[in-house]
Amino acid sequence: MNTSEMEDYIVSHLDEALEKGWIAAYYQPLARTITNAPAGAEALARWLDPEYGNIMPGTFIPVLEKAGLIYKVDSFMLTEAVKLQRRRIDAGLKISPISVNLSRQDFDRLDVLSFVKEQLSRYKISQDLIVLELTESLLVQNKDKMTTVVKDLRSAGFRVWMDDFGSGYSSLIFLNDYTLDLIKLDMGFLKSFTATSREIMRSTVNMAKRLGIRTLAEGVETEEQVRFLREIGCDMMQGYYYSKPFPPESMEAYLRSADTPAETIEWKDFYDRADTFMINSDAPCAVLEYDISQDHIRYLFLDEKEKDELRGLGRTNRQESEFILNNKHIPLHAKFFEFYKKIINTGEDATIYFSDNSFFIRMSGSMVVRQEDRCIFSLSIVNVTEDRMQTPGKVLVKTATDIVLLFDDVHILNPENDTADNLINNFGINAGLTDQDDLRRGLRYFCNYMIYPDDRERYWKFADPDTMIRRIQQSSDGILRDSFRVMLPNRKNLKYVWREFNLLLVPGSNDKKVLSAIKDSLATDDLNIIIRELAKEQKII
């Protein structure tokens, strides 16, 4: 059959093909990059003809577009996707969104919004289960009309994606004319995988994310492409690397065989929020998921700066860092747990310092989103050893590793100069006790605003800087210690906790400097041993 005859056959047999099921909806899975889990599918039309076999989409779609009949296929595909969602819900199966393609003729021949809403209402399907894909050419060539259309679709609760972004017309500036949820990028652009093509893709993803637009790469075929897309923070992936399109009856088998359990619609917004933090920037940053009930954390994304920081600590991959964060048999784990708990309970940013593998580490984190027993954190782990070593009066030694693990707050006090220098501040005590600050003013503020009212008089006698050094010298073991109730950093509920305060002279300071250390009053551990070893080394000055 020549080309003309094939075109005539396609046009004349379209209605029969739709009626008899020669045209069928196949579904190609989408994967979320950060989890590698199936997270939806795209509905794709396939013509399986009884006479001519598989008529390729590249053959029948242009013919039907030319004949003004493609709207029939698009309408059929949308209805098939809606019906499939209804069947899966009725069967009690996991549900994730299905995207369907719309063309220019759909908007010329139909009231698309009314048609889509009618189908959803008929099968009792919510808008979040169907995504509408519009081609780049449609949005560019019909800009005046389509800006209103897109606005109406999104106002009705539909997510709108742009297909084939960058295929011929658009630029990121063009996105200023539309409010879109996602753009689809063709990985065919990266077939050469040159430095230039990779940088263009990286810049496109970064710019789209900064505009609040998510990204999906289609045509993903190789492990190298997958690694690159994870590195640049692309949100979703689609292609033969994961699966070819398959008929609906094969979907459940595919989901069962996937390495990672499929993402359900209930968790879509949760992971969408995580995606927004997958941006490579000048600051070290990672995105992690924390399972509260299991006390287990896993990396979802690391930018290049954070990877560099971890490599500097001797962690060559994310699995090694996860092992440290999840190892419940090391003293650090209790500190990590309290760190996560503070972020979860207060919703506020948190920072802790700890020693790891002879390095001094600052870990900062903030809450991204929480759902049930799972949280997403934005986290930064930075090696600050060099900063500490170069700051006068803050030399870290091996014994200080134990100090960091044991204490919430460590300061060097100089009553003669009336100064206080911050060594470790995990407790959130800042007012009046920052570097080279006024010691007496800071202690008085701390007494009046951080100490439980009934403990203030007793605390001031303990912390009195005018008599501090003399009292330490007169103590039996060279240490002044007492316990007081202190306000937690989160003051919303005015919660006070017991903390043990320790004061001792800094070795090598000619009895002029005092080490002030605050810790959990229950965590006595080997404090005396640690203090004695510290005194022997005489290296904190």
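Overview of results
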| item | result |
| --- | --- |
| The one condition in (1) assigned to a loop (DSSP other than H, G, I, E, B); (2) modelled with pLDDT of 85 or more that LEU480 fails to fulfil | (1) |
| Of the criteria (1) out of contact with any Ser or Thr (no Cβ under 9 Å at 6 or more places or on another chain); (2) open to solvent by 40 Å² or more (accessible area, probe 1.4 Å); (3) charged (D, E, K, R), which one GLU348 fails | (1) |
| Cross-chain or 6+ apart pairs with Cβ under 8 Å, the stretch 114-125 first and farther than 16 Å from PRO97 by Cα and surrounded by 12 or more Cβ atoms within 10 Å (Cβ to Cβ), then modelled with pLDDT of 95 or more and not aliphatic (A, V, I, L, M) | PHE115/SER75 |
| Number of positions in the stretch 34-92 that are in contact (Cβ under 8 Å) with a residue 40 or more places away in the chain, over 29 Å from TYR123 (Cα atoms), open to solvent by 40 Å² or more (accessible area, probe 1.4 Å) and not in a helix (DSSP H, G or I) | 3 |
| Residues being of a type in the set (Lys, Arg), open to solvent by less than 70 Å² (accessible area, probe 1.4 Å) and under 20 Å from TRP161 (Cβ atoms) - total across the stretch 200-228 | 2 |
| From LYS307, LYS335, residue being basic (Lys, Arg) and open to solvent by 40 Å² or more (accessible area, probe 1.4 Å) | LYS307 |
| Test result for LEU396, under 22 Å from ASP275 (Cβ atoms), at pLDDT below 95 and either open to solvent by less than 60 Å² (accessible area, probe 1.4 Å) or assigned to a strand (DSSP E or B) (or both) | no |
| From the options ASP421, ASP455, residue that is crowded, with 16+ Cβ neighbours inside 10 Å, closer than 20 Å to LYS512 by Cα, of a type in the set (D, E, K, R) and at pLDDT 60 or above | ASP421 |
| Matching residues, the stretch 351-361, being crowded, with 16+ Cβ neighbours inside 10 Å and either of a type outside the set (Asp, Glu) or modelled with pLDDT of 90 or more (or both) | ILE352, TYR353, PHE354, SER355, PHE359, PHE360, ILE361 |
| Among (1) out of contact with any Lys or Arg (no Cβ under 9 Å at 6 or more places or on another chain); (2) open to solvent by less than 10 Å² (accessible area, probe 1.4 Å), the one test that SER243 misses | (2) |
| All positions within the stretch 126-148 that are at pLDDT below 90, assigned to a helix (DSSP H, G or I) and open to solvent by less than 50 Å² (accessible area, probe 1.4 Å) | GLU136, SER137, LEU138, LEU139, VAL140, MET146, THR147 |
| Subset of the stretch 231-256 (residues that are in a loop (DSSP other than H, G, I, E, B) and over 28 Å from the mean Cα position of the chain (by Cα)) | LYS244, PRO245, PRO247 |
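The values are calculated or read from the model by the stated rules, or taken from the named source; none is laboratory data. Quick caveat: nothing in here was measured; it's all calculated off a predicted structure. Methodologically, a virtual Cβ is constructed for each residue, glycine included, from the backbone with ideal geometry; neighbour enumeration extends over all protein chains shown. Areas reflect the complete protein model, heavy atoms only, side chains present, ligands, DNA and RNA absent. Shrake-Rupley method; radii C 1.70, N 1.55, O 1.52, S 1.80 Å.
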